[in-house]
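Reviewing the structure listed below.
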Amino acid sequence: MNILVFVESAEGKIKKTSLEAVAYANGMGGNVTALALGTVEAGELASLGKYGAKKVLHAGDAKLNDGVIQAYTNTIVQAMEAENADVLVLANSSLGTPVAARVSTKLGASIATNVTELPETSAGFVVKKSIYTGKAFSKVELKNAKKVIAIKKNAAEIKEVGSDVAPTTFAPQLTDADFAAKIVSTEKATGEILLPEANIVVSGGRGMKGPEHWGPIEELAKLLGAATGCSKPVSDIGWRPHHEHVGQTGVKVSPQLYIAVGISGAIQHLAGVNSSKCIVVINKDSEAPFFKAADYGIVGDAFDVLPKLIEAVKAG
Ligand code: FAD
């Protein structure tokens, strides 16, 4: 089985979710080729070999830096054809999912998004995927010869299994039509760590009483290398920016650790966090519904608990 992995990058670095995609493809046990687009540091490209890529293709045209979906789709389709690839694996990201849909249409491929586990191949080719915002799973048989699999964050463990691979230049045939939609400016969201990518999230709700009390949330997040999040009413009132709103109608996160402070745990909020590996809830009401979803709970006033938690983290 020949597997192509589309790897995403930002500011020259390969994204962690794409390293997970390489690890996933390696776990499938085929010939893994990684494809990176745009400007990527040479060491980053070569290191894909460590995580399981036997071959690394690089389409380094700077025009591909901007995540133009049409151009990405056609580059990936051409790489699939050049490598005689049966399967495309990529991250289930805001870039990965629209690219996956377009590539599958062009190749007549079976597609599964939000995939959480390696395929079962004893009877057909069956993948498990997360549905209903992580509340349930379904198994889907991918019947066509070509397959596209978009993997959910944390679906594969990144492990060093090999050594660096010298990248090979890949020159796709693209026309102006592939760049018909052009990004003219990008405004970076506040915060160093992007919420959908974060391994740790510290999130605040209406229990924080007002935007002037967000200092401890931000301090704790900084100490832990975490992104900050919030409940919907908090962003609706304007205490925090909308891109921090977590939940059914906001960002869906699946970090290793989600710390919820002064958030009640309404079903719509839980819909965005229930794929988190570990949930810690701080709430002064012991009956708050969030405690039912928590791995660890602290019943207490956030304004007492947060400073103690910050001191404890600082003390190491
Ligand atoms: P509250 O429900 O007011 O809870 C505040 C919590 O803080 C309480 O549990 C309280 O005990 C605790 N508290 C108060 N003071 C302190 C203190 N000093 N220390 C510790 N704890 C304290 N919500 C989302 O978050 N995300 C969504 O995507 C979303 N989508 C929605 C979609 C629809 C269609 C609808 C109808 C609603 C949606 N909601 C969403 C809103 C959701 O139903 C809840 O209203 C919301 O999540 C509640 O936010 P909260 O927990 O911050 O506030």
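The values are calculated or read from the model by the stated rules, or taken from the named source; none is laboratory data. As the structure is a computational prediction, the values presented were derived from the model and not from experiment. Positions of Cβ are backbone-derived with ideal geometry, glycine not excepted, and every protein chain shown enters the neighbour counts. To get the accessible areas, we keep the full protein, side chains included, count just its heavy atoms, and leave off ligands, DNA and RNA. Shrake-Rupley method; radii C 1.70, N 1.55, O 1.52, S 1.80 Å.
Points to keep in mind about this one:
- Base-10 log of normalised Debye intensity for the chain (one unit scatterer per alpha-carbon) at q = 0.07, 0.12, 0.15 Å⁻¹: -0.31, -0.85, -1.16
- Within the chain, antiparallel bridges make up roughly 20 percent of the DSSP beta bridges whose residues both belong there.
- For region 284-316 versus region 191-259, the gap between their alpha-carbon centres in whole angstrom: 15 Å
- Bridge type composition, region 1-104 - antiparallel percent by DSSP, nearest 5: 10 percent
- Three-way shape call for region 201-253 based on the alpha-carbon gyration tensor, with the a/c threshold at 1.5: oblate
- Dividing the summed -39500 (n - 2.57) terms of all DSSP H runs of n ≥ 4 by the residue count of the chain sets its mean residue ellipticity at 222 nm at -7500 deg cm²/dmol.
- About the centre of its Cα atoms, the chain shows a dipole size close to 700 debye [charges on the beta carbon of Lys, Arg (+1) and Asp, Glu (-1) only; nearest 20 debye].
- Given +1 at the Cβ of Lys and Arg, -1 at the Cβ of Asp and Glu and no other charges, the dipole of region 241-307 around its Cα centre is 260 debye to the nearest 20.
- Other residues lying with their Cβ under 14 Å from the Cβ of Gly30 contribute a combined charge of +2, Lys and Arg counting +1, Asp and Glu -1.
- Under 14 Å, Cβ to Cβ, from Glu20 - net charge with Lys/Arg +1 and Asp/Glu -1: +2
- HN-Hα J in Hz across region 295-300 - Karplus 6.51, -1.76, 1.60, θ = phi - 60°, x for Gly and Pro: 7, 9, x, 10, 8, x
- Structural descriptor for the chain: relative contact order 14 percent, calculated from alpha carbon pairs under 8 angstrom and at least 6 residues apart.
- Under a 5 Å amide H cut-off, with hydrogens placed 1.01 Å from N, Ala271 pairs with Gln248 among residues at least 5 apart or on other chains.
- Modelled FRET efficiency - R0 22 Å, Ala101 with Lys135, Cβ distances, 0.05 increments: 0.45
- Counting all C-alpha pairs of region 187-300, share separated by more than 21 Å (%): 25 percent
- Student exercise, region 110-180 dipole from Lys, Arg, Asp, Glu Cβ charges, in Debye to nearest 20: 480 debye
- In the chain, taking the dipole from charged Cβ atoms about the Cα centre, the farthest positive-side position among Ser203, Ala315, Pro167 is held by Ser203.
- Of every Cα-Cα pair in region 3-131, the percent that sits beyond 17 Å: 54 percent
- Over 24 Å between alpha carbons, listed pairs Lys139/Lys252; Lys55/Lys146; Lys222/Lys292: Lys222/Lys292
- For Lys16, a cut-off of 16 angstrom between C-alpha atoms picks up these lysines, skipping any fewer than 8 places away in its own chain: Lys50, Lys152, Lys153, Lys159.
- Accessible area of region 96-200 belonging to carbon and sulfur atoms, whole % at 1.4 Å probe: 52 percent
- Dimensions in Å of region 114-272 - Rg and Dmax from alpha carbons: 20.1, 57
- Given in Å, the Rg to one decimal and the Dmax to the nearest whole number for the Cα atoms of region 86-167 are 13.5, 42.
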